[in-house]
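*Asks:* Right, I'll just put the structure down here and ask away after.
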Amino acid sequence: MNGFLLLCRPRALALKNSILRGGKKGRRRSLIMAFLGLLLCGGIFYLSCRVLLHFQTISGLGDLLARLLLSMMLLSFFSLLIFSNVISALSNLYLSKDLELIHASPAMIEDVFISRAIQTVMDSSWMLAVFGVPVFMAYSYVYRPGPLFYVTLAHLSLTLVIIAAGAGIIVTMILVHIFPAQRARDFVALLGIVMGIGIYLLFRFMKPERLVNPDTFFTVAQYLNSLNAPRSPYLPTQWVADSLWMCLKGEQARGFLHEAVLAWSTAGAAVVINIWLASFLYFEGFSKSQEAKKRRNGAGVLLEIPAKAAARIFGPQAGALAAKEIRMFFRDNTQWSQLLLLGALVAVYLYNFSVLPIDMSPIRVDFFQNQLCFLNLALAGLVLSAVSARFVFPAVSSEGEAYWIIKSSPLKTRRFLWAKFLIYVIPLLILGEILIIATNRLMDAAPLMKVLTTATMIFMIMGITSMGVGLGAVYPDFRHQNIAQVATGFGGMTYMIVSALFVTVTVVLEAGPVYILFMAGVKNITVTGLQWLFIAASFSTVAALTALAIHLPMRMGERALESRE
Amino acid sequence: MAMIELIGLTKIYKGFKAVDGINLTVERGVLFGFLGPNGAGKTTTIKMMAGVLKPTGGMIRMNGLDIAREPEAVKQFVGFIPDRPFIHEKLTAREFLNFVADLYRMERGRARDEQILRLLELFELAGWADELIESYSHGMKQRLVMCSALITEPKILVVDEPMVGLDPRGARLVKTIFRGLVERGVTIFMSTHSLAVAEELCGRIAIIQSGRIISNGTSAELRSKAGTDGNLEKAFLLLTEGGEEPNERFFAPLQA
């Protein structure tokens with residue numbers, strides 16, 4: 001027993017030290033992160049309350065919908081937990097750098113496994129607290145249950161966490177047994193993305209917006225049929241959902257013990273089965289994961305075409321960086337596979353516009369269409385900010401511990417950052433203009449709107465990319481284990497906020513002039529001199545804001561990188 | 001002719017003086033050994049010379065140019081080999097060397113391709129030229145980093161612990177190459193923990209302790225200053241620790 005507690009101690013001490021010895025800067029960051037976390041929880045709570053209260057207004061169906069939502073939500077959490085456990089278990093049980101030391105010590109394999117499994121559960125389950133608790137609290141706000149609801153929620157959630165971790169760790173052990181851990185990680189990442197895309201597309205093409213309006217269905221039976229959430233007496237989430245529902249409706253005694261016994265006995269079995277399987281699977285898998293990577297040829301004609309073209313277009317230094325970036329991106333399965341996700345995002349984005357019920361608009365159709373095209377600018381800007389947070393913000397950090405090569409070379413920091421800017425601004429421009437031009441075509445936008453939105457998008461992308469590269473240089477993480485996690489820290493969060501603000505302010509500044517010009521066109525009236533002055537002032541402000549958004553972050557990034565110790 | 005001049009070079013990390021006003025001059029075509037115990041300030045000094053770290057005070061002049069004023073011009077003729085070979089694992093050796101050559105603005109073409117191949121053959125990596133670096137061993141990565149430092153034909157080579165991770169064959173190869181470079185007028189500034197290597201290769205040696213140069217001269221001069229006829233190891237221990245054998249301290253309580 002003491003063995004695995006001892007093995008958990010370094011992690012606990014590291015956490016304590018990072019809190020107590022983080023210094024002023026660390027504390028400030030923690031406070032901001034806590035504030036943002038609370039804000040997110042508050043937002044989820046508010047939205048969940050709105051949805052549940054809306055359900056209550058649909059006579060005869062409110063409780064049914066709320067109960068279905070509870071089951072579906074628990075099932076989603078459970079699936080996400082299993083997947084998240086697979087990812088965490090891979091790094092905690094097989095890829096962590098300190099494992100060599102631990103396995104060389106006289107610690108029992110069973111203790112090593114249990115300690116790492118506990119850390120895996122901790123790493124994976126925080127999201128249930130952040131995203132789950134506000135939703136459950138919304139249920140408690142709407143249904144006002146007794147104290148037993150909270151007790152049930154606490155202990156049954158724990159069983160869900162244990163069962164999901166058990167399943168996730170077993171999957172990981174089997175995967176590593178089949179593939180080496182290094183490849184298993186790539187495989188799981190790819191699988192996750194494909195699964196994510198599948199669920200996303202499936203959900204979107206099911207047209208969930210129809211459910212908000214039951215009048216569109218002929219009968220209640222048809223409506224209920226379209227809500228067919230998976231129900232099975234063998235699903236642990238169903239036991240938890242049923243118990244919680246009973247508590248919410250005040251039927252606490254009936255069946256309560258039965259579900260609790262089922263959930264706890266399954267959780268116990270998951271723990272026992274895991275320890276038993278680990279006794280003959282874990283060490284063998286760990287040993288496999290220590291083996292060197294297979295000799296892998298770098299050749300690839302398809303990859304060489306863009307890499308060599310980029311090298312030629314951008315010139316020697318920036319071209320070298322561009323070619324390197326292209327090769328590294330497409331050779332890393334965890335990186336290029338995210339393009340699939342991006343493709344699905346674009347498809348659904350455009351699909352959403354194609355199914356908009358424009359004919360139901362209470363205002364003039366052409367006015368409504370053009371209004372949507374203008375608002376699309378903000379939406380596309382925000383989408384591009386998010387994409388940029390994932391790909392552009394980590395651009396500087398992607399040099400990793402090999403950054404010394406740049407630093408010791410005669411390449412100026414400023415040139416290095418502008419080269420990164422050039423490398424990323426082109427694909428973002430293509431993506432941004434696809435979103436704008438395709439939507440404008442779908443909405444049949446007026447020529448003025450087409451020109452304005454297309455041009456503004458170019459300005460926006462320049463600013464978004466520059467802020468991504470610049471702030472990425474202000475908050476670099478050259479020691480990251482996983483490049484995807486670079487954007488999830490304080491710097492990434494700051495970038496998202498600043499970038500979203502930039503997009504919003506740009507759109508707000510252009511709204512007035514667009515309205516004046518568009519109305520002048522529709523009503524066939526002349527724009528007054530004062531109005532022209534206002535229009536010129538607004539567009540000049542947008543140009544100045546963009547120039548600032550391009551220049552300032554790059555300057556800050558340059559200074560930060562040059563003074564970096 | 002002085003190729004490297006460190007004048008009052010200082011580095012302070014959050015109040016801790018890692019390098020404390022050191023002064024050193026290294027002439028052209030000299031292999032200069034930089035020795036010192038762990039944490040003495042060797043790597044910090046070397047990183048400042050390579051332009052990777054910014055000094056808190058003092059000056060570094062390479063071939064007469066101030067690195068603070070003309071960093072790019074200095075880096076153009078300085079090659080750097082760090083102690084740990086962190087390189088882009090998803091590139092092949094050939095791609096990595098081409099990348100470095102481009103950073104140093106070396107003209108593309110047949111001559112460069114041949115130079116890359118020649119270096120890969122010299123460091124026995126030609127058979128792995130088109131394999132991803134992620135499949136290399138530590139020693140192979142170390143040899144590749146050396147190729148990258150030599151591809152630009154530097155006038156000055158700044159090297160941190162070159163022998164770590166190399167097998168005896170690799171170590172012998174590196175020694176031969178360093179000797180050849182020095183004969184051709186290249187100045188090498190090398191930190192090492194291997195006193196045998198320092199004694200065998202270095203024309204001049206400086207010892208740094210707690211951020212200060214405590215001794216500077218030829219191997220014979222250092223021995224004479226330490227007052228020993230023994231090897232460089234004995235002299236080093238006398239100069240840095242007062243000559244007490246670590247074993248004596250370790251075993252004394254056990255024997256009591």
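*Asks:* Students often forget the sequence filter, so: which lysines lie under 24 Å Cα-Cα from B:K42 once same-chain residues fewer than 8 apart are removed?
*Replies:* Excluding near neighbours in sequence, the set is A:K407, B:K11, B:K14, B:K17, B:K54, B:K75, B:K141, B:K155, B:K175, B:K225, B:K234.
*Asks:* Within 10 Å of each Cβ of A:323-330, how many other protein chain Cβ atoms are there on average?
*Replies:* Partner-chain Cβ atoms within 10 Å, mean over residues of A:323-330: 4.
*Asks:* Would you mind estimating how fast the range A:402-541 diffuses translationally, via Stokes-Einstein at 10 °C and 1.306 mPa s with the Kirkwood radius over Cα pairs, in µm²/s?
*Replies:* For the chosen part, D equals 89 µm²/s.
*Asks:* Which value in nm describes the separation of the simple spin-label points at A:A536 and B:N38, placed 7 Å from the Cα toward the beta carbon?
*Replies:* It works out to 7.1 nm between the two label points.
*Asks:* Shifting gears a bit: With labels modelled as points extended 7 Å from the Cα through the Cβ direction, what inter-label distance (nm, one decimal) is found for A:K523 paired with A:E251?
*Replies:* 6.1 nm
*Asks:* Expected output is a single nm value to one decimal: the length gained when fully extending between A:E433 and A:V346, i.e. 0.36 nm times separation in residues minus the C-alpha distance. What is it?
*Replies:* Gain on extension, A:E433 to A:V346, equals 30.2 nm.
*Asks:* How far is helix B:110-122 tilted, in degrees, relative to the longest principal axis of the Cα atoms in chain B, given as a value from 0 to 90 rounded to the nearest 10?
*Replies:* Between helix and principal axis, roughly 40 degrees.
*Asks:* Which log10 I(q)/I(0) values does the range A:1-110 give at q = 0.24 Å⁻¹ under the Debye formula, counting every alpha carbon as one identical point scatterer?
*Replies:* -1.24
*Asks:* On to the next question. Partner chain Cβ atoms within 10 Å, averaged over the residues of B:129-136 - can you pull that number for me?
*Replies:* Mean partner shielding for this stretch: 5.
*Asks:* Let me ask something else about it. Quick one, could you list the DSSP H helices from chain A stretching 27 Å or more along their long axis (Cα atoms) with average Kyte-Doolittle hydropathy of 0.0 or above?
*Replies:* Helices meeting the span and hydropathy rule in chain A are A:23-57, A:62-89, A:109-127, A:148-178, A:181-205, A:256-289, A:365-391, A:413-443, A:447-474, A:490-523, A:529-562.
*Asks:* May I pose another question? Any aspartates and glutamates with Cα under 19 Å of the A:K16 Cα? List them, leaving off those in the same chain fewer than 8 positions away.
*Replies:* Correct list for A:K16: A:D98, A:D123.
*Asks:* Starting from the exponent 0.38 and prefactor 2.2 Å, build the expected Rg for the range B:60-184 from its residue count and divide its actual Cα Rg by it.
*Replies:* That works out to 1.05 for the range B:60-184.
*Asks:* With no solvent and one point per C-alpha, what does the Debye sum give as log10 I(q)/I(0) for the range A:402-457 at q = 0.19, 0.25 Å⁻¹?
*Replies:* Ignoring solvent entirely, the Cα scatterers give -0.70, -0.93.
*Asks:* Additional query: Any number yet on Rg/Rh for the range B:1-63, C-alpha, Kirkwood?
*Replies:* Here Rg/Rh amounts to 0.96.
*Asks:* Which residues does the label zone of A:E100 cover in the range A:399-418, counting backbone N under 20 Å from a point 7 Å along Cα→Cβ?
*Replies:* A:401-402
*Asks:* Antiparallel as a % of all DSSP beta bridges within the protein assembly as shown, to the nearest 5?
*Replies:* Roughly 55 percent of the beta bridges in the protein assembly as shown run antiparallel, per DSSP.
*Asks:* Also: Mind checking the per residue accessible area of chain B for me, 1.4 Å probe, whole number of Å²?
*Replies:* Heavy-atom SASA per residue in chain B reads 44 Å².
*Asks:* Continuing with this model, one more query. Per residue of B:73-79, how many C-beta atoms from partner chains lie within 10 Å of its own C-beta, taken as a mean?
*Replies:* Mean shielding count: 2.
*Asks:* Here's another thing I want to ask about it. Sort B:179-186, B:136-143 by packing, meaning the average of other beta carbons within 10 Å per residue, with the highest value first.
*Replies:* Going by the mean number of other Cβ atoms within 10 Å, highest first, we get B:136-143, B:179-186.
*Asks:* Helix-only estimate, please: 222 nm mean residue ellipticity of chain A, summing -39500 (n - 2.57) across DSSP H runs of length 4 or more and dividing by its residues, to the nearest 500.
*Replies:* -27000 deg cm²/dmol
*Asks:* Give a quick list of trypsin sites (Lys or Arg not before Pro) in the range B:1-62 that DSSP marks as loop, anything other than H, G, I, E or B, with at most 10 other Cβ atoms within 10 Å.
*Replies:* Counting only loop positions with at most 10 other Cβ atoms within 10 Å, the trypsin sites (Lys or Arg not before Pro) in the range B:1-62 are B:K14.
*Asks:* So, R0 is 30 Å and r is the distance between the beta-carbons of A:I58 and A:S140; what FRET efficiency does that work out to, to 0.05?
*Replies:* 0.90
*Asks:* Starting from the Cα of B:R179, move 7 Å in the Cα-to-Cβ direction to define the label point; list residues of the range B:187-231 whose amide nitrogen is under 12 Å from there.
*Replies:* Inside the label zone: B:200-202.
*Asks:* Still on this structure, please answer the following. What is the pair-distance distribution P(r) of the range A:356-459, computed from all Cα-Cα distances in 5 Å bins starting at 0, with each bin given as a whole percent?
*Replies:* Whole-percent P(r) values from 0 Å outward: 2, 11, 19, 16, 12, 10, 9, 7, 5, 4, 2, 2, 0.
*Asks:* Moving on to the next point. Tell me the carbon and sulfur percent of the accessible area for the protein assembly as shown, rounded to whole percent, probe radius 1.4 Å.
*Replies:* Percent of accessible area from carbon and sulfur atoms in the protein assembly as shown: 64.
*Asks:* Return the sequence-ordered ³J(HN,Hα) values of the range A:401-408 in whole Hz as given by the Karplus equation 6.51 cos²θ - 1.76 cosθ + 1.60 applied to θ = phi - 60°, using x for Gly and Pro.
*Replies:* Listing the rounded values in order: 6, 7, 4, 4, 5, 5, 5, 8 Hz.
*Asks:* Quick one: Cα convex hull volume of the range A:318-416, Å³ per residue?
*Replies:* 125 Å³
*Asks:* On the principal axes of its Cα set, how long, how wide and how thick is the range A:87-180? Give whole Å, largest value first.
*Replies:* 54, 27, 18
*Asks:* I've got another one for you. What is the sum of charges around B:R28, taking Lys and Arg as +1, Asp and Glu as -1, for the other residues whose C-beta is under 14 Å from the C-beta of B:R28?
*Replies:* Here the charged neighbours net out to +1.
*Asks:* Chymotrypsin sites (Phe, Trp or Tyr not before Pro) within the range A:1-101: which are DSSP loop residues with at most 15 other Cβ atoms inside 10 Å?
*Replies:* When the chymotrypsin sites (Phe, Trp or Tyr not before Pro) of the range A:1-101 are filtered for loop state and at most 15 Cβ neighbours within 10 Å, nothing remains.
*Asks:* Dipole size in debye (nearest 20) for the protein assembly as shown around its Cα centre, Lys and Arg Cβ +1, Asp and Glu Cβ -1?
*Replies:* About 1120 debye.
*Asks:* Here's something else I'd like to know. Please report, in whole Å, how far the alpha carbons of the protein assembly as shown spread along each principal axis, starting with the longest.
*Replies:* 102, 82, 49
*Asks:* What percentages make up the Cα-Cα pair-distance distribution of the range A:462-520 when the bins are 5 Å wide from 0?
*Replies:* 4, 17, 21, 17, 11, 9, 7, 6, 5, 3, 1, 0
*Asks:* For chain A, what is the accessible area per residue in Å², given a 1.4 Å probe and the full set of protein chains?
*Replies:* 50 Å²
*Asks:* For chain B, I need the span (max minus min coordinate) of the C-alpha atoms along each principal axis, in Å, sorted largest to smallest.
*Replies:* Taking max minus min along each principal axis of the Cα atoms, chain B gives 66, 44, 38 Å.
The values are calculated or read from the model by the stated rules, or taken from the named source; none is laboratory data. None of the values given here were measured: they were computed from a predicted structure. Counting neighbours? That spans all protein chains shown, and the Cβs are built from the backbone with ideal geometry, glycine included. Side chains included, ligands, DNA and RNA excluded: accessible areas come from the protein's heavy atoms. Shrake-Rupley method; radii C 1.70, N 1.55, O 1.52, S 1.80 Å.
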